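**Student:** My questions will all concern the structure given below.
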Amino acid sequence: MIAGLAPTREVLANGVTVLAKRTSTTPAVTLIANLRAGSVHDPAELPGVAHFISRTIDRGTERYSADELAEQLDSRGVTLTASVTRHTLSLACTCLVEDLDDVLGLVAEVVMRPSFPVVEVDRRRGEIVTLIRQDEDNPAAVAVETLMSMLYGSHPYGRRARGTRASVELIDRQMLQRFHAAHCVPQGLALAVVGDIDPARAVDAARTIFGAWKGGAAVDVTGMSVASASGRQRRVVSMMNKSQTDIAYGFATITRQDASYYAYSLMNNILGQYSLGGRLGDSIREQQGMAYYVSSSLDANLMPGPLVIRAGVSPANVTKAVASIDTELQKLVDAGPTEQELQESKQYLIGSMPRTLETNMGIATYLQTVEFFGLGLDYDIQMPDLLRAVTPEHVHNAARRAIDPANATVVVAGPFEGPLS
Amino acid sequence: MPALAPPPQSASAVHEEVLDNGLRVLVQSVHTAPLATVWCWYRVGSRDEIPGLTGVSHWVEHMNFKGTANIPRDQIKGIIEKYGGYWNGYTWIDQTTYTETATRDALDHMLFIEAERMRSCLYDPADCESERTVIISELQGGENDPEQLLDQELTATAFRAHSYRHPTIGWLSDLQTMTRDDLYAHYRRFYAPNNATLVIVGDVSRADVMRHVVKHFARLEPSDVRRRSSTIEPEQLGERRMTISKEGTTAYLKVGFHAPGVTGDDFFPLLVLDTVLTGAKGLNLWASFRTQPTQRSARLYQALVNTGLASAANGALMPTAEPFLYTISVTATDGVSLDRVEAATLAETERARAHGITPQELQKAKNQLRARFVFENDSITNIAHQLGFFETVASWTLYPTLAQRIEAVTIEEVNRVAAHRLKPTSRTVGRFEPIQ
């Protein structure tokens, strides 16, 4: 019998889920509050609302002004980080154990009763526009955003989380309040509390603070189909003021719930992760010396997420690097992985679990992933067997299903004028 | 429940031993997870480079991942990964370091790799050539980032003589002309037990660790490092200014002041002053700068970000062996002129210089730093990093005393340091002005 992490999970009467785990490395506690309020919920014509919420939710509540909140957190050495992904709005921080009750109270105030003062909304608008302007000058960001918009079109995954300069100018306090009321609700909240604190006490504290919170049902956007690419799509975004060129190359793939997920995950590890960038790193960085970075990532999500290959290369090597990506992908499609590669990637992914679960932030992030995808409280114990069950044929099939250079979407951003093969 | 670990910031938890060949070994048992971490540190960084060879330390770091006498290049991959492990390395101005973290049963493999790396790397000429383009690609990736470009130019302007003036990545022409023999000579000179500190932290016993260390390292010969003392930077006699005019979307300001090294009397008072101005970051280069500083109530945040002039305002004081820079970096909000941002930034540094800080600000800064020192010691990787890092800039024994040193800082010290260090005559103002 393997002990495993064995976290505590309790669902309060109003639907708030509390996840808790005691650790004793440092006299500190990490909190992550995840709300199902990500950028997929942005109105199609107004991208950026969820991100705007993440920049303003902690800038004033019914009880505290922005300055009072800042003072309360700063005086305890706490940085509250708000961030938004496609499906979640997340508030995370670490505090000393002695400050837990106070800090949990402040986080709850921010989650439940933000007031979005107009002056703060206008101030943060300037910050967001500046962030968008910085992205526009960043070839890596431009390459990935362009790739996502080409892969997903009007599907929510194709939109920029930060929105556009035009949409951000239109977002106002009422829109933020409406979004908050609709999506920041008890049923959509999962709170992870990890650190030197008794789990039962963490659950009690959460019940005291969140127990009376009311709200409608949580909704999430799922099941929207993604059109599959037909033919190779290419785009060059010339940024002649830059030194290095960024390549983003990808496909839309599967959901996290797909039965083939573990085969895909191992395929991704072999292709562009294992050691320094898998097969791609070996060919493009180690053998050919063309790039400082090259790797692949798989984001299987509630809806079919992307497999993205990224590389930063000198403009003179763009054509050669793209051809090398094509070659490596085709090899994996044609012949699948070797037994040894698969074995090594399995050992790596299984063996890295203790490292993933070493810190409070690592455990809290893991608990939120398990909760979000419904993987089960014993997922850390189940995961090794799920990976061990994958055969070379499974990975080969995943490669054949996911990858096809003839139908790849390829974006190049940087000091490069094309053409792109 | 795992047993409570000894407090990470306690010198008595650390076992120190120096082998006959000069290798300093630091061991700390932390039993909270079934993991072990190894960091091997060398006292060599871009500070040790001369014109024509800038960037050699960093390039050498890259070459030291490419196979050794007893580890063929194609077999490096997998040694640590089999144990779910992570490995990496970095080079900065005072140090070069290599690390592995994996399950504890990988300990012997990790130590074997580091012993091989110390004296037996191959430097195959073809590998050196292939890595040249990788390094130039890394340099070009850095140039894509206007803030990094500004940082590089500002440092080169603030220093006229000391070798901290050139970037760790090196200047492009040096990277184009350096030879395999240049790389190998640098490697052989600095990579030796008498110039290294080996740190092991994790779910291991001291005796077991030392047995493995002796097995792998005791046979290695020391080297004649011939360390030369650095040129002392002459006092700056007036404000320096530099501008980058380049196509871009966003304007950036960076102001640098000459700062003490980590052993200087002014270091901890200046760290407190930085916390009041731009918020607490802690002192762990591996961990702290990945989390936003605690800064919403800090003076520059209030004066710049909360007035809408800037979208970000940060400060940086790094623990270095010799006097380096204290820098303030500001991103102008879209549409706001850099002149206004500069005026508001310098008004705050002048205010601090003229009037100092308040007792309330002192207390808050101490609280913030105390919390950050706890947060940045949350993993064996971070604890081992700090022990080794401080040994390369001063002594590892400084690390367990960080919290006490902050506690001992007085308001008089902070105000004296503000008056002296923030003088307009010793500052360098850098501007990135985008051409649209």
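The values are calculated or read from the model by the stated rules, or taken from the named source; none is laboratory data. All figures in this text were calculated on a predicted structure; none of them were measured in a lab. Ideal geometry is used to build each Cβ from the backbone, glycine not excepted, and the neighbour counts take in all protein chains shown.
**Student:** If you take just the helices (runs of 4 or more DSSP H) that sit entirely in segment A:341-421, which of them hold at least 2 residues that are outside the structural domain of A:Thr94 (by TED's automatic domain parsing) and touching a residue at least 24 places away in the same chain (Cβ under 8 Å)?
**Tutor:** A:360-373, A:379-388, A:392-402
**Student:** Going through segment B:141-155 one residue at a time, which ones are acidic (Asp, Glu) and more than 13 Å from chain A (Cβ to nearest Cβ)?
**Tutor:** Initially, segment B:141-155 is screened for residues acidic (Asp, Glu), giving B:143, B:145, B:147, B:151, B:153.
The answer is B:Asp151, B:Glu153.
**Student:** Among (1) crowded, with 19+ Cβ neighbours inside 10 Å; (2) within 13 Å of chain A (Cβ to nearest Cβ), where does B:Met118 come up short?
**Tutor:** Every condition holds for B:Met118 apart from (2).
**Student:** Another question, if that's okay. Just to check your reading of the model, which residue among B:Glu138, B:Glu131 is facing chain A (nearest Cβ under 10 Å), touching a His at 6+ places or on another chain (Cβ under 7 Å) and either farther than 23 Å from B:Ala287 by Cα or not in a strand (DSSP E or B) (or both)?
**Tutor:** Values: B:Glu138 fails: touching a His at 6+ places or on another chain (Cβ under 7 Å).
Exactly one of B:Glu138, B:Glu131 is facing chain A (nearest Cβ under 10 Å), touching a His at 6+ places or on another chain (Cβ under 7 Å) and either farther than 23 Å from B:Ala287 by Cα or not in a strand (DSSP E or B) (or both), namely B:Glu131.
**Student:** Take segment A:40-68 and flag every residue that is among the acidic types (Asp, Glu), under 25 Å from the mean Cα position of the chain (by Cα) and more than 10 Å from chain B (Cβ to nearest Cβ). Working first, answer last.
**Tutor:** The initial filter retains those residues of segment A:40-68 that are among the acidic types (Asp, Glu), namely A:42, A:45, A:58, A:62, A:67-68.
So of that shortlist, the ones also under 25 Å from the mean Cα position of the chain (by Cα) come out as A:42, A:45, A:58.
Selection gives A:Asp42, A:Glu45.
**Student:** Among the residues that make up segment A:245-261, is at least one of them touching a residue at least 60 places away in the same chain (Cβ under 8 Å), on the phi < 0 side of the Ramachandran plot, within 14 Å of chain B (Cβ to nearest Cβ) and of a type in the set (Asp, Glu)?
**Tutor:** yes
So that you can scan it fast, the table gives a plain yes or no per residue for (1) out of contact with any Phe, Trp or Tyr (no Cβ under 9 Å at 6 or more places or on another chain); (2) within 21 Å of A:Leu329 (Cα to Cα):
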| residue | (1), (2) |
| --- | --- |
| A:Gly215 | yes, no |
| A:Ser225 | yes, no |
| A:Ala229 | no, yes |
| A:Arg232 | yes, yes |
| A:Gln244 | no, no |
| A:Tyr249 | yes, yes |
| A:Arg256 | no, no |
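Table: residues versus (1) part of a strand (DSSP E or B); (2) modelled with pLDDT under 95; (3) not assigned by TED's automatic domain parsing to the domain that holds A:His183.
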site: A:Ala3; (1), (2), (3): no, yes, yes
site: A:Lys21; (1), (2), (3): yes, no, no
site: A:Thr26; (1), (2), (3): no, yes, no
site: A:Thr30; (1), (2), (3): yes, no, no
site: A:Pro47; (1), (2), (3): no, no, no
site: A:Ala50; (1), (2), (3): no, no, no
site: A:Ile53; (1), (2), (3): no, no, no
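**Student:** So how many residues does segment A:229-260 have that are in a loop (DSSP other than H, G, I, E, B), charged (D, E, K, R) and over 21 Å from the mean Cα position of the chain (by Cα)?
**Tutor:** Of all residues in segment A:229-260, those in a loop (DSSP other than H, G, I, E, B) come to A:229-232, A:239-244, A:253-254, A:256-260.
Remaining after also requiring charged (D, E, K, R): A:232, A:242, A:256, A:258.
Right, trim to over 21 Å from the mean Cα position of the chain (by Cα) and you get A:232, A:242.
Result for segment A:229-260: 2.
**Student:** For segment B:156-166, state whether one or more residues are farther than 30 Å from A:Glu358 by Cβ and within 14 Å of chain A (Cβ to nearest Cβ).
**Tutor:** The answer is no, given that none of the residues of segment B:156-166 is farther than 30 Å from A:Glu358 by Cβ and within 14 Å of chain A (Cβ to nearest Cβ).
**Student:** Just one of (1) under 25 Å from B:Ile135 (Cβ atoms); (2) in contact (Cβ under 8 Å) with a residue 40 or more places away in the chain; (3) out of contact with any Asp or Glu (no Cβ under 7 Å at 6 or more places or on another chain); (4) of a type in the set (Val, Ile, Thr) trips up B:Val27, so point out which.
**Tutor:** (1)
**Student:** Just for strands (runs of 3 or more DSSP E) wholly inside segment B:245-353: which have at least 3 residues that are closer than 25 Å to A:Ala70 by Cβ and facing chain A (nearest Cβ under 9 Å)?
**Tutor:** So the answer is B:310-317.
**Student:** Okay, next question. Which of the residues belonging to segment B:295-319 are touching a residue at least 24 places away in the same chain (Cβ under 8 Å) and not small (Gly, Ala, Ser)? Talk me through it step by step, then tell me what you get.
**Tutor:** Let us first name the residues in segment B:295-319 that are touching a residue at least 24 places away in the same chain (Cβ under 8 Å), namely B:297, B:299-300, B:303-304, B:307-310, B:313-319.
Correct list: B:Arg299, B:Leu300, B:Leu304, B:Thr307, B:Leu309, B:Asn314, B:Leu317, B:Met318, B:Pro319.
Residue by residue, here is whether (1) at pLDDT below 95; (2) among the charged types (D, E, K, R); (3) closer than 23 Å to B:Arg47 by Cβ holds:
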{"site": "B:Lys254", "(1), (2), (3)": "no, yes, yes"}
{"site": "B:His258", "(1), (2), (3)": "no, no, yes"}
{"site": "B:Asp265", "(1), (2), (3)": "no, yes, yes"}
{"site": "B:Phe268", "(1), (2), (3)": "no, no, yes"}
{"site": "B:Thr275", "(1), (2), (3)": "no, no, no"}
{"site": "B:Thr278", "(1), (2), (3)": "no, no, no"}
{"site": "B:Leu283", "(1), (2), (3)": "yes, no, yes"}
{"site": "B:Thr294", "(1), (2), (3)": "yes, no, no"}
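**Student:** With respect to the numbered conditions (1) within 10 Å of chain B (Cβ to nearest Cβ); (2) surrounded by 22 or more Cβ atoms within 10 Å (Cβ to Cβ); (3) in a helix (DSSP H, G or I), which one is the sole condition not fulfilled by A:Leu276?
**Tutor:** (2)
**Student:** Against the condition surrounded by fewer than 18 Cβ atoms within 10 Å (Cβ to Cβ), at pLDDT below 95 and not aromatic (Phe, Trp, Tyr), how does B:Ser229 come out, does it pass?
**Tutor:** yes
**Student:** Now a separate question. How about segment A:1-38: which of its residues are under 19 Å from A:Val185 (Cβ atoms) and either acidic (Asp, Glu) or touching a Lys or Arg at 6+ places or on another chain (Cβ under 6 Å) (or both)?
**Tutor:** If the condition is that a residue be under 19 Å from A:Val185 (Cβ atoms) and either acidic (Asp, Glu) or touching a Lys or Arg at 6+ places or on another chain (Cβ under 6 Å) (or both), then A:Glu10, A:Leu12, A:Leu19, A:Gly38 are the ones that fit.
**Student:** What are the pairs, 6+ residues apart or on separate chains, where a residue within segment A:133-145 that is over 10 Å from B:Asp145 (Cα atoms) has its Cβ under 6 Å from a residue that is of a type in the set (A, V, I, L, M, F, W, C) and surrounded by fewer than 21 Cβ atoms within 10 Å (Cβ to Cβ)?
**Tutor:** Note: pairs meeting the criteria are A:Asp135/A:Ala141; A:Val142/A:Val237.
**Student:** Another one. Just for segment A:103-145: of the residues that are β-branched (Val, Ile, Thr) and surrounded by fewer than 19 Cβ atoms within 10 Å (Cβ to Cβ), which one is farthest from the other protein chains (Cβ to nearest Cβ)?
**Tutor:** Checking each candidate, the answer is A:Val118.
**Student:** Could you look through segment A:291-325, keep only residues that are touching a residue at least 60 places away in the same chain (Cβ under 8 Å) and more than 20 Å from A:Gly414 (Cβ to Cβ), and pick out the one that is surrounded by the most Cβ atoms within 10 Å (Cβ to Cβ)?
**Tutor:** Top of the filtered list is A:Leu307.
**Student:** All but one of (1) of a type in the set (A, V, I, L, M, F, W, C); (2) over 18 Å from the mean Cα position of the chain (by Cα); (3) within 14 Å of another protein chain (Cβ to nearest Cβ) hold for A:Met175; which doesn't?
**Tutor:** A:Met175 satisfies every listed condition except (3).
**Student:** If I filter segment B:85-93 for residues that are assigned to a strand (DSSP E or B), within 14 Å of another protein chain (Cβ to nearest Cβ) and more than 20 Å from B:Leu285 (Cα to Cα), do I get at least one hit?
**Tutor:** Looking through segment B:85-93, none of the residues is assigned to a strand (DSSP E or B), within 14 Å of another protein chain (Cβ to nearest Cβ) and more than 20 Å from B:Leu285 (Cα to Cα).
**Student:** Ok, one more. Specify which of the listed residues (B:Thr392, B:Thr428) is at pLDDT 95 or above, farther than 25 Å from B:Arg24 by Cα and under 23 Å from the mean Cα position of the chain (by Cα).
**Tutor:** Unique residue meeting the criteria: B:Thr428.
**Student:** Could you list all residues from segment A:1-19 that are within 14 Å of chain B (Cβ to nearest Cβ) and of a type in the set (A, V, I, L, M)?
**Tutor:** Within segment A:1-19, A:Ile2, A:Ala3, A:Leu5, A:Ala6 meet the criteria.
**Student:** Take A:Leu89 and decide whether it is within 25 Å of A:Arg162 (Cα to Cα), in the same structural domain as A:Arg159 (by TED's automatic domain parsing), touching a Gly at 6+ places or on another chain (Cβ under 7 Å) and crowded, with 22+ Cβ neighbours inside 10 Å.
**Tutor:** yes
**Student:** OK, next. Given the condition surrounded by fewer than 24 Cβ atoms within 10 Å (Cβ to Cβ), in contact (Cβ under 8 Å) with a residue 40 or more places away in the chain and under 30 Å from B:Val374 (Cβ atoms), answer yes or no: does some residue in segment A:33-53 qualify?
**Tutor:** Scanning segment A:33-53, I find no residue that is surrounded by fewer than 24 Cβ atoms within 10 Å (Cβ to Cβ), in contact (Cβ under 8 Å) with a residue 40 or more places away in the chain and under 30 Å from B:Val374 (Cβ atoms), so the answer is no.
**Student:** Separate question: Hey, can you tell me all the residues within segment A:69-102 that are more than 11 Å from every other protein chain (Cβ to nearest Cβ) and assigned to a helix (DSSP H, G or I)?
**Tutor:** Matches in segment A:69-102: A:Leu100, A:Asp101, A:Asp102.
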